[in-house]
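Each remark here refers to the structure printed beneath this line.
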Amino acid sequence: MKVVFVMFLALLVSVSSQAVVVQKPKIGNFLRCLRDRSNPKSPITEAIFTPQNTTFASSYVSYTKNKRYSNPNDTNLIAIVAAKHESHVQTTVVCAKSNAIQLRIRSGGHDYESLSYTSSLPFAVLDMNNLRSITIDVSRKKAKVQAGATLGELYTKISEASKTLAFAAGVCPTLGAGGHISGGGYGNLIRKYGVSVDHVVDAQLVDVNGKILNRASMGEDLFWAIRGGGGASFGVILSWTINLVEVPKIITVFNVNKTLGQGATDLPKELFLRAMPQITQGANKTIAVNFIAQFLGSSKKLMGIINKKLPELGLKREDCYEMSWLNTTTFWADYPVGTPTSVLLERPSNPPGAFFKSKSDYVKKPISKEGMEKLWKTMLKFKNHVFMQWNPYGGVMDKIPANATAFPHRKGNLFKIQYFALWIDANATKANLGLMKELYGVAEPYVSSKPREAFLNYRDMDVGSNPSGSTNVGEGKIYGSKYFVGNLKRLMNVKAKYDPDNFFRYEQSIPPLLAK
């Protein structure tokens, strides 16, 4: 009986932890494998950067956005493969898997916690930034975009082809399409058209065996998972085929600084109104709230809506700017009105200049005046730039089922909060991280609970994580339930089916265990 109990206990431990045995990485074999398997028609040699290359460090930091994780002398980094052809991606996956080299996949480099370009184990970065092809089919209202293309490049291409088509995605022009879309990236069209993954109709992915799959060959379960579940848990996204959405030729935007309570959830879905509390600069610090909006229509029509629904905003006609959809993208990227849209094609390559930390929350009930005052009081403790973004939900988001894609945050949310602190002095890191945790703690009574939901693309290691080399299922369920809520079990089943050995893993990847 004792033997049976011990065997049962051992089985229970293995099921609950699912800790993958880490094989010793074969670094030399990995590099040889890359060269040996190179396709003569598209040689991979020019895409490989190792510490022996003079441009190795600059290649590494060029797509590193957070100075907290900028370490060009990282001794765990074996190589960067800046893929120039789809075969380079296939070769890198096969060689990394066969030689126990951890792989990190980077498209735009915007992972807030650097999980696309750092690891505590020997690893290689598969850099997708050279795979940036974009094709637009106006007649079918579709586009195909490779993972390394930025949103700025995609938006520019769409606008060149049509003045009345757009894509419902983020407002930062340097975001890479691969990671942004796979995590359920959103933007100012969310209330009218939903999030990015709601418009993905096909995809190309390199799986754990190095095969290129599309929607038909990967199957609907995997196609479902990579739309909001984060592609890096399942493979390497090569491209997306997306539906474009219709927008008017004239769109109105404004940015005003006011004090305004919450409410107005019955605003038309054509209106996106972001509230952005932040610390004012000067001798007497206080909290100012900027209201930044976009309306799919004329300023005259917008003024009529605001005067009726939100007269306390005090909006004036001179606060409003009418422009094309492409010009609104520069407005939302915080460029002055009238900035040439060519800035959307810029790819900053300098090392990161600042440290930052971000967190997220979902709000389902209005925050009381007392609650807001507590938040403001905590924000004033920061000695550097800190802000919150309150991004409205509602509209079409209330009509899309939570399990339509792997992105679960839909009906019932008033808005999503992003907390963001930015600092220059490395010595201020500890204080800022501590204050961010304090601010997050103060917000707890006023946000979602059981689980306290979080947005995958606002990566936050504080919600739970695993070591680089193993995936504990119990820990995975902690952060997974916050990112994916009721979709986690299905995601775990898909992971177990397509990557049972957990090759595609990182600190917040989806555990490869059939959920019970």
Residue set VAL447, VAL442, VAL463; condition open to solvent by less than 30 Å² (accessible area, probe 1.4 Å) and touching a helix residue (DSSP H, G or I) at 6+ places or on another chain (Cβ under 8 Å); output residue VAL463
Counted residues in region 276-301 being open to solvent by 20 Å² or more (accessible area, probe 1.4 Å) and touching an Asp or Glu at 6+ places or on another chain (Cβ under 8 Å) come to 2
Sole miss for TYR440 among (1) under 21 Å from ARG227 (Cα atoms); (2) part of a helix (DSSP H, G or I); (3) aromatic (Phe, Trp, Tyr) is condition (1)
Of all helices (runs of 4 or more DSSP H) fully inside region 50-168, the set with 2 or more residues that are at pLDDT below 95, small (Gly, Ala, Ser) and under 27 Å from ARG505 (Cα atoms) is 56-61
Any residue that is modelled with pLDDT of 95 or more, within 20 Å of PHE420 (Cα to Cα) and of a type in the set (A, V, I, L, M) - is there at least one of those in region 479-491? no
- prompt: Given the structure, is PHE356 open to solvent by less than 30 Å² (accessible area, probe 1.4 Å), of a type in the set (Phe, Trp, Tyr) and not in a strand (DSSP E or B)?
  reply: no
If we keep only residues of region 302-326 that are assigned to a helix (DSSP H, G or I) and in contact (Cβ under 8 Å) with a residue 40 or more places away in the chain, then the residue surrounded by the most Cβ atoms within 10 Å (Cβ to Cβ) is LEU302
Conditions (1) touching a residue at least 24 places away in the same chain (Cβ under 8 Å); (2) open to solvent by less than 10 Å² (accessible area, probe 1.4 Å); (3) part of a helix (DSSP H, G or I); (4) within 27 Å of THR252 (Cα to Cα) -> GLY178 fails only (4)
Open to solvent by 20 Å² or more (accessible area, probe 1.4 Å), outside any loop (DSSP other than H, G, I, E, B) and of a type in the set (Ser, Thr, Tyr): does that describe SER481?
-> yes
Reported set for region 369-389 where residues are open to solvent by less than 50 Å² (accessible area, probe 1.4 Å), in contact with a helix residue (DSSP H, G or I) (Cβ under 8 Å, 6 or more places away or on another chain) and more than 21 Å from ILE424 (Cα to Cα) is GLY371, LEU375
Screening ASP202, ASP198, ASP111, ASP127 for residues that are open to solvent by less than 10 Å² (accessible area, probe 1.4 Å) and acidic (Asp, Glu) leaves only ASP127
Condition set of a type in the set (S, T, N, Q), more than 23 Å from ASN39 (Cα to Cα) and over 21 Å from the mean Cα position of the chain (by Cα), scope region 60-87, selection surrounded by the most Cβ atoms within 10 Å (Cβ to Cβ): answer is ASN71
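The values are calculated or read from the model by the stated rules, or taken from the named source; none is laboratory data. Fair warning: this is a prediction, and the values are worked out from it, not measured in the lab. Note that we place each Cβ from the backbone using ideal geometry, even for glycine, and neighbour counts take in every protein chain shown. Side chains are part of the model used for accessible areas, which takes the heavy atoms of the whole protein and leaves out ligands, DNA and RNA. Shrake-Rupley method; radii C 1.70, N 1.55, O 1.52, S 1.80 Å.
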